[in-house]
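Student: Once you've had a glance at the structure underneath, I'll fire off some questions.
The values are calculated or read from the model by the stated rules, or taken from the named source; none is laboratory data. Note that the coordinates shown come from a computational prediction; the quantities given were computed from them, not determined experimentally. In this analysis, Cβ positions are derived from the backbone assuming ideal geometry, glycine residues included, and neighbour counts consider all displayed protein chains. Keep in mind that these areas ignore ligands, DNA and RNA; they rest on the heavy atoms of the full protein, side chains included. Shrake-Rupley method; radii C 1.70, N 1.55, O 1.52, S 1.80 Å.
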Amino acid sequence: MTSIEPAPLRSRQGTSTQITRAADPVGNLSEKMQMARAMADTDKSNGQWDAMLPASYRGSVGACLMAIDFAERNQLSLIEVLGQVSFSAGRSTVSARLQRKLAARAGYITRRISGDDTQCTVGVYHGDQLLGEATYTYAQAEKLGIIYTGNNPSKGLKSTWAGDPAQMLYHRATTRALDYYGPADESTMFVEDYDLVDDPADIARPPAPAVPATVVE
C-alpha cells in the first residue's frame, strides 16, 4: 500500500499557478500533419533516420502528431518530448523528469525524502509548505506485474528495474506524489501507466548504426 503522510486539506485548484500554453489554431493542423508524416516516413533503406527516433514513434504518424502538439501546447522542444514522452493507442506516458519540470512551472517542487532498492518516498512542496508525501515499494511493483528483469524480446533491451530499482522506485513515487498533491491543471500527466515497464527517459536505446564512409573515385 502507498503510505501517505497526513497533510492539511488543500485545494489544488487554489494553489495552482496558471501556466501559459501556446495557442492551437485549427489552421495549423495541416502543417502539423505534414511534419508528422515526414517524421514517421523513415528511410527503411539505410535505417539512419529510423534509428534516431524512439521505437514508439517509428512509422507512426499519429504518435508523431501527438508529440508535435504536446511540444507546442507545453512550450517544449520537440527533441525533449521525443525523449521524455511516449504515445500508444492515444495515451501519453510522461517521464518523471518531465513531470517534475512541468510541475515546477506551477510552483510545485518534488523532493526525495528517503529511498533504497526496496522503497522510495517523495514529498511535494508548494513554497515552504509540504503538501504531502507518497511512498512506492518494490513489493507494489511486483504485485502489479510491472517489473520485467530479463531481456525484452520486442525491444532487445533490458529493463532498468533489473539494474537500478532505486531509480525506478523514485520515478514511480514521484508520479504518485504529483498525482496526489501536484497542480490540478497538470494532473492528467501524472497517471501511472502499468503497460510501460520503464520510465521513457530511462529506456536504453541501441546506438545508431555507423554512417558508411563515402569513397571518392
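Student: Residues to consider are G123, G115, G150, G182; find the one that is modelled with pLDDT of 95 or more and touching a Lys or Arg at 6+ places or on another chain (Cβ under 9 Å).
Tutor: G123
Student: Also, quick follow-up: Is at least one residue of segment 46-57 within 24 Å of W161 (Cβ to Cβ) and either open to solvent by 50 Å² or more (accessible area, probe 1.4 Å) or without any contact (Cβ under 8 Å) to a residue 12 or more places away in the chain (or both)?
Tutor: Yes, that holds for at least one residue.
Student: In this structure, is R112 within 21 Å of A173 (Cα to Cα), open to solvent by 60 Å² or more (accessible area, probe 1.4 Å) and touching a strand residue (DSSP E or B) at 6+ places or on another chain (Cβ under 8 Å)?
Tutor: Considered against the rule, which asks whether it is within 21 Å of A173 (Cα to Cα), open to solvent by 60 Å² or more (accessible area, probe 1.4 Å) and touching a strand residue (DSSP E or B) at 6+ places or on another chain (Cβ under 8 Å), R112 comes out as yes.
Student: Another question, if that's okay. Sort out which residues of segment 153-174 are open to solvent by less than 40 Å² (accessible area, probe 1.4 Å) and modelled with pLDDT under 80, and write them in order of number.
Tutor: L157, S159, T160
Student: A further question on this structure: I want to confirm something. Restricting to segment 21-68 and keeping residues that are touching a helix residue (DSSP H, G or I) at 6+ places or on another chain (Cβ under 6 Å) and β-branched (V, I, T), which single residue is modelled with the highest pLDDT?
Tutor: Step by step, filter segment 21-68, then rank; the result is I68.
Student: Out of all the residues in segment 125-143, which are over 14 Å from T175 (Cα atoms) and surrounded by 19 or more Cβ atoms within 10 Å (Cβ to Cβ)?
Tutor: Those that are over 14 Å from T175 (Cα atoms) and surrounded by 19 or more Cβ atoms within 10 Å (Cβ to Cβ): H126, L131, Y138.
Student: Being buried (at least 20 other Cβ atoms within 10 Å of the Cβ), farther than 30 Å from L29 by Cβ and β-branched (V, I, T) narrows it down to one residue among V94, V122, V81; which is it?
Tutor: None of the others qualify; the one that does is V122.
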